[in-house]
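Here the structure is laid out as structure tokens; the discussion comes afterwards.
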Amino acid sequence: MHGTCFWIYAYGMSDSSNHELDIDVFGSEYVQEAPKVWERLRSECPVAHTSLNGGGWLPTTYEDISSVAYDTENFSSRDIAVAPTPEGVSLLVAPPITSDPPFHTDARRMLLPYFSPKAVEEMREVTRSIAVELLDAIDPADVVDAAEQYARYIPVRVIGAMIGLPEEDCEMFTRWATDILQSHPEKEWERLTTATKEILEYFDKTIADRRVNPRDDLISKLQAETLPNGDPLTDKHVLGTCFLLLVAGIDTTWSSIASNLLHLATHDDDRQRLVAEPELIPTAVEEFLRAYSPVTMARVAAEDTEIAGCPVMAGDKVFLPFGASNRDPEMFDRPEEVIIDREENRHFAFGIGIHRCLGSNLARMELVVAMEEWLKRFPEFSLATDSEVQWGGTQVRGPRSVPVRVT
Ligand code: HEM
């Protein structure tokens, strides 16, 4: 127990040492430098608080993040968005991620077979052919944006195919996922709600169509599922789950592929080693997941409670930056270093507890295939020196543009 809590200091401000200044978790300073902010907070006030963006607690140690993630009685998943939801706006229901026990178990269990290692293996060659097609379209003479031209198109096409959605709609899905996960909650509320409305309308129509014209796809299979009490899934449940799978499946993995390629574009030794030893790619991918973990989730305190001695009131938001647990020196040796053959690596990029990522097998396969194919095609590449890399966040953090020279 730390027993202390402070208001978040404004990171990087020259006079921040003893002032109660708030940090903006949606501000560019936090988004660009989140690992540095966590490191500093961990040493100064491991359970920090901000009153900006609706307010919330920000634990930064593995112990505190995991204690909240495991404690589903005191911390509910009914609102997992980092962005605040304005008064009077209904929270989205997207089982299982917004479900608490006991319903969570049923909502999750029925999805497991579709994301099992065997089901994911069936998507490996499809994923590879998507990667190869994207690489074929790249002109090596130009500066190539590895995030825009490559990373962003792989996960959307894979999850779109798994759900049973037309490939030509993928560009629209990517825009929706970006608008939902990367909009500033106050400055871009309109953008966020428009995308949410459009995606819900899209699935509403698709689900209604599948009721009449069932297909051999995930939507039709979910419509045929029943809960343990024998009740069929409601259209609202199917819709919420499809929304979740689409949104969770795109930006997360896209961000990871992009940060992995950014790392290799800026670390020649690691790039050369992976070209020479491609069998090391799965191990390196785990280390990149640890070091560049893209996801921060939220919880809502169900009762008055505490985190490591900090009093938390019912209704308070708590942010769970899983990337911060992955850089906790109590858990990892030399956490700030990226060691591509790290042997002990039980990282938390996929979360902790009952909501641990259901798509982790799929994500891992996509990350490995994306890197294998990129390195086969472009073994030599480096960051185009005159360009700046912009990170986007905050719920899903990753480099939005990775301009590289491939010759
Ligand atoms: C690198 C890629 C990915 C990362 C880092 C990631 C991370 C996470 C994290 C941290 C959680 C925990 C949420 C919480 O505690 O509230 C989660 C849950 C989830 N993820 Fe992923 N994810 C990734 C890719 C995917 C993919 C490709 C899918 C496929 C559709 C997916 C589907 C889900 C689902 C359905 C849940 C909810 C599980 C539950 O509530 O029981 N994720 N993910």
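Summing charges over all other residues whose Cβ lies under 13 Å from the Cβ of residue 151, with Lys and Arg as +1 and Asp and Glu as -1, gives -2. Can you give the FRET efficiency to the nearest 0.05 for residue 304 and residue 407, using r as the Cβ-Cβ distance and R₀ = 35 Å? My answer for the efficiency is 0.05. In units of the compact-protein estimate 2.2 N^0.38 Å, region 202-269 shows a Cα radius of gyration of 1.65. Annotation for region 200-254: trypsin sites (Lys or Arg not before Pro) lying in DSSP loop with at most 13 further Cβ atoms inside 10 Å of their Cβ are 215. Computed from the C-beta positions of residue 133 and residue 216 and an R0 of 22 Å, the FRET efficiency is 0.40 to the nearest 0.05.
Rounded to the nearest 0.05, the FRET efficiency derived from the C-beta distance between residue 376 and residue 29 at R0 = 41 Å is 0.65. Please build a GNM for the chain, connecting alpha carbons under 10 Å apart, and tell me which residue among 35, 232, 294 fluctuates the most. Maximum among the listed residues: 232. Taking only the Cα atoms of the chain, the ratio Rg/Rh comes out at 0.96, with Rh defined as the Kirkwood radius.
Loop-located GluC sites (Glu not before Pro) in region 192-252 (DSSP state other than H, G, I, E, B) with a sparse environment of at most 10 neighbouring Cβ atoms within 10 Å are absent.
Every number in this text was worked out from the coordinates using simple rules, so none of it is lab data. All figures in this text were calculated on a predicted structure; none of them were measured in a lab. Note that each Cβ is placed from the backbone with ideal geometry, even for glycine, and that neighbours are counted across all protein chains shown.
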